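Below is one structure, written out as structure tokens; the observations come after it.
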Amino acid sequence: MNLNSFRLKIALLSGLITGLLLIGSGFGLWRISYQLNLDHMDREIRNLGQANLDRVQGGEHWTRLEAALKFVAGNRASSGYVLWVKNYDQVVYQSPDWPAGLAPESFRELKSYEGPNVPMPGQALPPPPRRGEQISPQNPALPLKSPEFFTRDAGGKTWRIAVMGNPYVTLILAADMGEFKDRMATLRNTYLVALAAVLLLVAGSAWLVAKRALRPVAMLTQTVEQVTARGLDQRIPTMTHEQEFSRLVTVFNEMLARLETSFQQATRFSADASHELKTPLARLQMELEQALENAPPDSPQQEIYSSLLEEISRLKAIVQKLLLLSLADVGHLQLQLQPVNLTAMLTNVVEDCQAQVSTLNIQSQISPDIHVKADPDLLEQALQNLASNAVKYNHDGGLIRFELLAEAGQVLIRVANTGSQIPPGDHDRIFERFYRADPARSGRVEGTGLGLSLAREIIRAHGGDLCLEASEDQITRFTIKLPSVN
């Protein structure tokens, strides 16, 4: 997972957490706002109704009240009121526009509300105020019963209904909730738009904060990606303003310094040892050659000297390969670049193979006049290493096929051979030094496990690459890619 993906996840997580908190708090606030607005509507309905319940009123009074309510509402169809009034258990008024779906007699709230009209034993209902006289201590208003509120749907509308009254009168006042619902919908939509804007702002802020917080990690990652055998001199600048990472940066730089020192010492030892061994090996080879010449023909001494000379040659080859690899590790592999006729070079390699073995079917498909800019000695050594492996890891009557072609601005060299399949788990390890993919036959096949590693280092020094293209159906194929000469 890269840092951009990590930052995105942090931003999304922060936005999600903040969004859930905002949604939860917003839902709570919206419920509170809804209830406050509903309570305000209930107070208006209660004040309108109870102002007309201080005495027993006739049907004409309720007609005038409904006309006044319609006048106040004006053209707002969603602000209408309807009334239903009962005096002394007799309905004296019902609004002409009373919704057909509302049946007052079926209201559970009405039945429970009218119960207290029956006086308790030993008590009498208060007398109604005298008509034509104002309400006064001598002509007191009737006591009011606490109203009950509920909501019903009828006639395609939602109604807020209040049941209220006094000991003789029961008033049902219903208000259309259309305007109330529109007001709450506007509040809800405004909140949702604000919520989306806040979430975007929080996500953007979280991204910036995560980016700033992870900047030292990004620098550390970038440096780690550049740490190779040739990049151990990389260091992370000390960040005094990032106290949380300063210790990590210091420890990492110290580790790189130790790795660089150890690698330089190992490389220097390998190069020095290889260099120092060349002279005594050359002297030993010369002495053995002279001893071989002076030994009697077909004598045991001659066989011993010949065997020792072969081992000396093998040891010299190992020393030379180690020297080249140590130079490649530190980027000091010197290339004597010049135009090279790759067609002729690969043809010579094929002819060498044909001269070495006669039990293998060696085929070639080499395009003519292909040239590259390369060090001819090193490039031929890389090709000889691949050809040598194709011969060693083959079987009697097997096949070796060489191909050379130019394709898409690069030169491709393929070397394929029959033989045991390389296990998939070893595909990435066959280029490691001293690694041999088939332990069962390592003792039967001569080699050091350095050929493929050195060949790849040589090819990469030329700006190309060497890879195992396939190893299946008893065919193993290696491919060299080199930049072509324009």
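The values are calculated or read from the model by the stated rules, or taken from the named source; none is laboratory data. Remember, it's a predicted structure, so these values are computed and weren't measured experimentally. Cβ atoms come from the backbone with ideal geometry, glycine included; neighbour counts cover every protein chain shown. Remember, those area values only see protein heavy atoms, side chains included, never the ligands or the DNA or RNA. Shrake-Rupley method; radii C 1.70, N 1.55, O 1.52, S 1.80 Å.
Filtering segment 357-378 down to residues that are open to solvent by less than 50 Å² (accessible area, probe 1.4 Å) and not in a loop (DSSP other than H, G, I, E, B), which residue is nearest to Ser453 (Cα to Cα)? Within segment 357-378, the match that is nearest to Ser453 (Cα to Cα) is Leu378.
Cβ separations smaller than 9 Å between residues 6+ apart or across chains give the following pairs from segment 7-36 residues that are open to solvent by 90 Å² or more (accessible area, probe 1.4 Å) to residues that are at pLDDT below 70: Lys9/Met1. Within segment 16-40, the residues that satisfy the criterion of being closer than 20 Å to Arg188 by Cβ and either among the β-branched types (Val, Ile, Thr) or in contact with a Lys or Arg (Cβ under 6 Å, 6 or more places away or on another chain) (or both) are Thr18, Ile23, Ile32. Of these, Arg160, Arg183, Arg188, which one is open to solvent by 10 Å² or more (accessible area, probe 1.4 Å), at pLDDT 85 or above and part of a strand (DSSP E or B)? Result of the check over Arg160, Arg183, Arg188: Arg160. For Glu44, the requirement of being open to solvent by 70 Å² or more (accessible area, probe 1.4 Å) and in contact (Cβ under 8 Å) with a residue 12 or more places away in the chain is met. With respect to (1) open to solvent by 30 Å² or more (accessible area, probe 1.4 Å); (2) modelled with pLDDT of 90 or more; (3) among the aromatic types (Phe, Trp, Tyr), the lone exception for Tyr393 is condition (2).
Is there a residue in segment 107-125 that is at pLDDT 80 or above, polar (S, T, N, Q) and open to solvent by 60 Å² or more (accessible area, probe 1.4 Å)? Within segment 107-125, none of the residues are at pLDDT 80 or above, polar (S, T, N, Q) and open to solvent by 60 Å² or more (accessible area, probe 1.4 Å).
Scanning segment 224-242 for residues that are part of a helix (DSSP H, G or I), over 30 Å from Gly24 (Cβ atoms) and modelled with pLDDT under 70 turns up at least one hit.
Give the residue, chosen from Val445, Val415, Val411, Val485, that is part of a loop (DSSP other than H, G, I, E, B) and either at pLDDT 90 or above or open to solvent by 30 Å² or more (accessible area, probe 1.4 Å) (or both).
Unique residue meeting the criteria: Val485.
Only one of the numbered conditions (1) at pLDDT 80 or above; (2) open to solvent by 20 Å² or more (accessible area, probe 1.4 Å); (3) assigned to a loop (DSSP other than H, G, I, E, B) is not met by Thr151, and that is (3).
The residue list Gln354, Gln381 contains one member that is in a helix (DSSP H, G or I) and either under 48 Å from the mean Cα position of the chain (by Cα) or touching a residue at least 40 places away in the same chain (Cβ under 8 Å) (or both), which is Gln381.
Of the residues Ile23, Ile10, Ile17, Ile45, the single one that is of a type in the set (A, V, I, L, M), modelled with pLDDT of 85 or more and out of contact with any His (no Cβ under 8 Å at 6 or more places or on another chain) is Ile45.
Within segment 383-390, identify whether any single residue is open to solvent by 30 Å² or more (accessible area, probe 1.4 Å), modelled with pLDDT of 85 or more and either closer than 21 Å to Gly463 by Cα or charged (D, E, K, R) (or both), and answer yes or no. Within segment 383-390, one or more residues are open to solvent by 30 Å² or more (accessible area, probe 1.4 Å), modelled with pLDDT of 85 or more and either closer than 21 Å to Gly463 by Cα or charged (D, E, K, R) (or both). Let me confirm something: among Asn37, Asn52, which residue is modelled with pLDDT of 85 or more, farther than 30 Å from Ser136 by Cα and in contact with a helix residue (DSSP H, G or I) (Cβ under 7 Å, 6 or more places away or on another chain)? When all the criteria are applied, what remains is Asn37.
Among the residues of this structure, Leu399 does not count as one that is surrounded by 18 or more Cβ atoms within 10 Å (Cβ to Cβ) and out of contact with any Lys or Arg (no Cβ under 8 Å at 6 or more places or on another chain).
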